[in-house]
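These notes are about the structure you will find just below.
Values in this text are rule-based calculations from the coordinates and carry no lab data. Just so you know, these numbers come straight off a predicted model, no measurement behind them. So basically every Cβ, Gly included, is an ideal-geometry build from the backbone, and we count neighbours across all protein chains shown.
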Amino acid sequence: MNKKKNLSTVILLIGIMLSVSGKAQSVQDSIITNPLDTIASYDIFDKLSETGGGRVILGGDDVKSIVNEIKTQKSKPLKGYRIRIFRDSKQAASRKAESIKGEIEKTYSGLPVYVRHDSPTFYVEVGDYRTQEDAEKMKRTLISAFPEARLVSVSINFPPL
């Protein structure tokens, strides 16, 4: 808990420093223009060194070790839930699974869709939910189009920060 508090403090300090810096806008632009950047793929220390102005001195915990610990945690499997909307092992199952995937992507943009093949069966699962309650909410939305929808407990992708 203490590391989380320290990380929050560090992020706040970095934000304050960037807003005061004359180069803050160019750093903010690069952050905003690439929404896929996350703490796992975005190295704030590299970005700070690119600004070319001033020095940054942070006291207390080693900030880089805290950021690296978060990156390590993101690579560990995260237990959660997905909604399985399709399961079939017939000959046309692969085509049907891809068709359902396209339908979901079109109808629910931004909802992660996964087609999985565990020979001979194809599965289509949606979402990366940390709680059963959140998964149940989405299942209620999907159940009319996919009456066989059910929750499955799986390792999910780490949610974006």
Under a plain spin-label model, where a point goes 7 Å from the Cα along Cα-to-Cβ, how far apart in nm are T141 and K64?
-> 4.2
May I ask you to compute the full-extension gain from T131 to E103, defined as 0.36 nm times their residue separation minus their alpha-carbon distance, rounded to one decimal in nm?
-> 7.6 nm
Which ³J(HN,Hα) values in Hz, rounded to whole numbers, follow from the phi angles of region 91-98 under the Karplus curve 6.51 cos²θ - 1.76 cosθ + 1.60, where θ = phi - 60° and Gly and Pro get x?
-> 4, 8, 4, 4, 4, 5, 4, 5
For region 99-112, just list the computed ³J(HN,Hα) in residue order, Karplus coefficients 6.51, -1.76 and 1.60, θ = phi - 60°, integers in Hz, with x standing in for Gly and Pro.
-> 5, 5, 4, x, 4, 5, 4, 6, 7, 10, 4, x, 7, x
